[in-house]
1. State the number of residues belonging to the stretch 32-45 that are within 15 Å of ligand 1 (Cβ to nearest atom) and assigned to a helix (DSSP H, G or I).
2. Which members of the stretch 116-137 meet the condition of being out of contact with any strand residue (DSSP E or B) (no Cβ under 7 Å at 6 or more places or on another chain) and buried (at least 19 other Cβ atoms within 10 Å of the Cβ)?
3. So which residues in the stretch 139-153 are over 17 Å from Tyr34 (Cα atoms) and either part of a loop (DSSP other than H, G, I, E, B) or among the acidic types (Asp, Glu) (or both)?
4. Could you list, in sequence order, the residues of the stretch 114-138 that are of a type in the set (A, V, I, L, M, F, W, C) and assigned to a helix (DSSP H, G or I)?
5. Kindly indicate the residue of the stretch 91-115 that is among the polar types (S, T, N, Q) and crowded, with 17+ Cβ neighbours inside 10 Å and also nearest to ligand 2 (Cβ to nearest atom) among those meeting that condition.
6. Name the residues in the stretch 153-164 that are out of contact with any Lys or Arg (no Cβ under 6 Å at 6 or more places or on another chain), within 20 Å of Val220 (Cα to Cα) and buried (at least 23 other Cβ atoms within 10 Å of the Cβ), would you?
7. Does Ala29 satisfy the criteria of being more than 9 Å from ligand 1 (Cβ to nearest atom), over 22 Å from Val191 (Cα atoms) and small (Gly, Ala, Ser)?
8. Output the number of residues of the stretch 141-173 satisfying the condition of being within 15 Å of ligand 2 (Cβ to nearest atom), under 22 Å from Val203 (Cα atoms) and aliphatic (A, V, I, L, M).
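The values are calculated or read from the model by the stated rules, or taken from the named source; none is laboratory data. Values in this document were obtained by computation on a predicted structure and should not be read as measured data. Here the Cβ positions follow ideal geometry from the backbone for every residue, glycine too, while neighbour counts run over all protein chains shown.
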Amino acid sequence: MTETTPTPVLVAIDGPAGSGKSSVSKAVASRLGYGFLDTGAAYRALAWLVLENGIDQNDADAVIRILADFDYEIGTDPAEYHVRVGANDVTDAIREPRVSAAVSAIARVPEVRSHLVELFRSIAAGVDKPGIVVEGRDITTVVAPDAPVRILLTASEEARMARRSAELQDDAAATAGAELKKRDQADSRVVDFLNAAEGVTTVDSTELNFAETVDAVIAVIAATDTTAD
Ligand SMILES: Nc1ncnc2c1ncn2[C@@H]1O[C@H](COP(=O)(O)OP(=O)(O)OP(=O)(O)O)[C@@H](O)[C@H]1O
Ligand SMILES: Nc1ccn([C@@H]2O[C@H](COP(=O)(O)O)[C@@H](O)[C@H]2O)c(=O)n1
């Protein structure tokens, strides 16, 4: 008798910048023994490659050309998160302000989006765990609209700006709020991650601490029949 490997349960989480998507998703994945896929890291890694090659991020044709050389790897084990482009470990470099400032221009190129959407679907399908938490901006609507669990993780702009500033120091802390706002404005012209699509559950963490937010997301997953097709 041949044994079939069950399809991993996909938990799709979208939300604006600083809403806690990465940190909360990673903690949820750890608790459940699931994998974790940070999709923003791929857009950031491509933006890093564009900048490293001295390409103008607004030159869509040049960005599309470099996509063919985009040798990308991401760790989906929440305990071993890493991002590589070719031989370069870019885990930290992709968080630099210059990358954050360039990424929205790259993410609005349709060819980039379709290429990465396919990549995300294949990474999620191949995870060697019972499930995977995939987070980004268009996971509930484009990457995995049929996922059994779909969540919009949100928080007030004030809360998100304060949380992001608290991670940083001095000048970076002072500009983080403005950067976050600008990026959301640019990104929301491409995909709607501010309003929950039909069937998507909103978790608003404005009044919740980190642990309460993780619990709230796990409660949504627990309330869903993830065995249904
Ligand atoms: N409910 C919460 N209470 C307090 N802090 C929180 C909460 N949720 C997340 N945080 C903190 O907010 C900060 C931003 O979270 P995180 O980086 O996970 O957001 P994000 O949505 O992935 O952001 P981006 O889209 O910009 O990458 C982190 O320092 C995280 O620990
Ligand atoms: N599904 C996604 C995820 C991300 N983006 C773009 O990438 C940028 C960085 O994402 P973070 O989650 O690391 O903040 C983001 O600003 C978007 O431009 C996307 O388009 N779709």
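1. 6
2. Within the stretch 116-137, just Leu116 meets the criteria.
3. Within the stretch 139-153, Pro145, Asp146 qualify.
4. Leu116, Val117, Leu119, Phe120, Ile123, Ala124, Ala125
5. Of all residues in the stretch 91-115, those among the polar types (S, T, N, Q) come to 91, 100, 104, 114.
With the extra rule that they be crowded, with 17+ Cβ neighbours inside 10 Å, the set shrinks to 100, 104.
Details: Ser100: 7, Ser104: 4 Å.
Here the residue is Ser104.
6. The one that is out of contact with any Lys or Arg (no Cβ under 6 Å at 6 or more places or on another chain), within 20 Å of Val220 (Cα to Cα) and buried (at least 23 other Cβ atoms within 10 Å of the Cβ): Thr154.
7. Yes; evaluated as a whole, the condition is true for this residue.
8. 9
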